[in-house]
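> Have a look at this one.
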Amino acid sequence: MIQSNSVLTIKDLSFRYEEQTVLENIHLVVPQGSFLAIVGPNGSGKTTLLKSILGLVKLQKGSIQLFGTPISKFKDWPKIGFVSQKANSFNSGFPATVFEVVSSGLTAKLGLFHFFKQQHKKKVLEALQSVEMEKFLDRNIGELSGGQQQRVFIARALVSEPELLILDEPTVGVDAKTVQAFYHMLEDINKNKGITLILVTHDVGTVSEKVSHVACLNKHLHFHGSAKEFEQVQDQDLSHYYGHPLHVITHEQT
């Protein structure tokens, strides 16, 4: 049964690449306002799951509903923001200011040739304030650190005021010193803006401190529950989920 307050409902989702099954019988409900972390080893199907949610691959088996609408009929994509693994692909020499990068996130709503008005500039500033990057408004994007650039790309996703924000391993390429502050920023966006977050991450030790729910994926959905329940999962069970020995080291909360 589909929950009326769910932003995402996945039922019996399976996916194959030729002879290889990468997702099998996935059932997942993401309630409105929650902060879900999806964890799992490399090759576990996390990327395929995200592509399925974003409508980038055709469903083979099962169903996906976004905001109560079957994905085949869903048209309101500005409700969903997406931040990819920018650090692996972004051209740091791209000649654009922070303001220009963030304002490009309004194109889907305004149209390519729509002139910016004062209210749109205000939205850009508010989005940058949300990620504590407003003082870099006129800075060239290529002059920023990896962590700062990723904050700008989150602001770009936030400027269209999405109700669901999906982040694919956003701390890849971000130095360890700023990772905790980065997760704290996401926690703040979730709690103070009421935006539902889905975070794909390898940082198993951090997720239970910042998120509300955890899903552990490795072809099957081995675990899906609250962060508190995830904290009780034994290392040997996680090792079984991952398919190799795993010892979780939690970070100190700040």
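> Given the -39500 (n - 2.57) contribution per DSSP H run of 4+ residues, what per-residue ellipticity at 222 nm results for the chain, rounded to the nearest 500 deg cm²/dmol?
-9000 deg cm²/dmol
> Here is a follow-up. How many nm separate the modelled label positions at S104 and D76, each set 7 Å beyond the Cα in the direction of the Cβ?
Going from the S104 label point to the D76 one covers 2.7 nm.
> Turning to a different aspect of this structure: Tell me which residues come under 5 Å, amide H to amide H, from F82 once H is placed; ignore anything under 5 positions away on its chain.
I166
> Take each uninterrupted DSSP H stretch in the chain, measure its Cα extent along the helix axis, and return the ones at 30 Å or beyond whose mean Kyte-Doolittle hydropathy is at least 1.6.
The qualifying helices: there are none.
> Among F182, L49, A215, which residue has its Cα positioned farthest towards the positive end of the charge dipole of the stretch 6-242, with +1 placed on the Cβ of Lys and Arg, -1 on the Cβ of Asp and Glu, and the dipole taken about the Cα centre?
L49
> Taking the chain as a Gaussian network, where each spring joins two C-alpha atoms under 10 Å apart, which residue of E209, E143, E19 fluctuates the most?
E19
> Now for a different question. Show me the ranking of peptides 223-229, 164-170 by mean Cβ neighbours inside 10 Å, starting with the highest.
Per-residue Cβ counts within 10 Å, averaged per peptide and sorted highest first, yield 164-170, 223-229.
> For semi-axes √(5λ) of the Cα gyration tensor in Å, one of (1) 32, 19, 17; (2) 30, 22, 17; (3) 28, 19, 18 was computed from the structure I shared and the rest are decoys. Which label?
Answer label, from the structure shown: (2).
> Name the most mobile residue of T196, T47, T107, meaning the one with the largest mean-square fluctuation, in a Gaussian network model of the chain with Cα contacts below 10 Å.
Answer for the Gaussian network model of the chain: T107.
> Sort the following peptides by mean Cβ neighbour count (other Cβ atoms within 10 Å, averaged over residues), highest first: 77-85, 147-155.
Ranking, from highest mean packing down: 147-155, 77-85.
> Let me check against my output: what whole-number percent is the relative contact order of the stretch 6-242, with C-alpha pairs under 8 Å and at least 6 apart?
The normalised contact order for the stretch 6-242 reaches 29 percent.
> For E19 and N192, FRET efficiency with R0 = 35 Å and r from the beta-carbon atoms, rounded to 0.05?
0.15
> Please compare each pair in K11/K122; K61/K228; K73/K122; K123/K219; K46/K193 to a cut-off of 28 Å on the Cα-Cα distance and tell me which ones are over it.
K11/K122; K61/K228; K73/K122; K123/K219
Every number here is computed from the coordinates shown, using simple stated rules; none is lab data. Values in this document were obtained by computation on a predicted structure and should not be read as measured data. Ideal geometry is used to build each Cβ from the backbone, glycine not excepted, and the neighbour counts take in all protein chains shown.
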